[in-house]
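The values are calculated or read from the model by the stated rules, or taken from the named source; none is laboratory data. In this text the structure is predicted, and so the values were computed from the model without any measurement. Cβ placement follows ideal geometry from the backbone for every residue including glycine, while neighbour counts extend to all protein chains displayed.
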Amino acid sequence: MTGTTRYEQEEIMDRLISTEIDNNTLILYLKYKYFTEVRIPFVEKVSCELVDKNSLNIRVYDKKIIGCIEFMGDYLYFDKDGIIVESTSKRLNDIPLVKGLKYQKIVLNEKLEVQKEELFDVILNLTQQIEKRELEVSTISFNKQYEVTLDLGDIKAMIGKRSTYDEILAKLKNIIIEAEGKKLTIDMRAGTDYFIAKPEISAD
């Protein structure tokens, strides 16, 4: 089995083999090749190739998820087009939680309707750059002016509102490396040439 990054092989097999007869390799192959659609959270599809009568090659394709919102105790995960692809109580640590959006419509497998359509382009640009720079962002927050603040554990970065975020996140990556071990609030809203960093004061 290859492809999946979110499940152990045993977890996938437990979901694929739902009846005693599924333990037959040929039947399992025919079932998912021609008759049954695989429905596993965070999995786009599963392809099966019959090697011989006793073995299969299984490839799992993960869904490409760029963010999630919290709604009524659950996390709703959406893709680059804003389609809500999963709803679960499980919080995936590598998917940023998006805050500050206002919703006109929330329906599973339909597009999340927010106050400004272009916000999804902003979120997509942000998440692409976050992934490229290997930044561990837990939360992306928008204020009323659609300025962006990123929560990176010990560091909170206010990066403002801009057309693209590649340059500012490249700067932020370097700052984080230099500030290792420090708790900081970094204000980068004025531009990319300078910033203000304030240490977080412990409540203790």
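Of all the listed residues (116, 33, 132), the sole one being free of Cβ contacts under 8 Å to residues at least 40 places away in the same chain, charged (D, E, K, R) and either loosely packed, with under 12 Cβ neighbours inside 10 Å or part of a loop (DSSP other than H, G, I, E, B) (or both) is 116. If the condition is being under 13 Å from the mean Cα position of the chain (by Cα) and of a type in the set (Asp, Glu), then the stretch 42-69 contributes only 62. The set of residues from the stretch 39-69 being of a type in the set (Val, Ile, Thr) and over 24 Å from residue 122 (Cβ atoms) comprises 40, 43, 46, 51, 58, 60.
Being in the same structural domain as residue 104 (by TED's automatic domain parsing) and at pLDDT 90 or above holds for only one residue in 177, 168, and it is 168. Within the stretch 166-179, is even one residue among the polar types (S, T, N, Q) and either more than 14 Å from residue 67 (Cα to Cα) or in a loop (DSSP other than H, G, I, E, B) (or both)? The answer is yes, given that some residue of the stretch 166-179 is among the polar types (S, T, N, Q) and either more than 14 Å from residue 67 (Cα to Cα) or in a loop (DSSP other than H, G, I, E, B) (or both).
The residues of the stretch 1-30 that are among the acidic types (Asp, Glu) and surrounded by 10 or more Cβ atoms within 10 Å (Cβ to Cβ), listed by number, are 8, 11, 14, 22.
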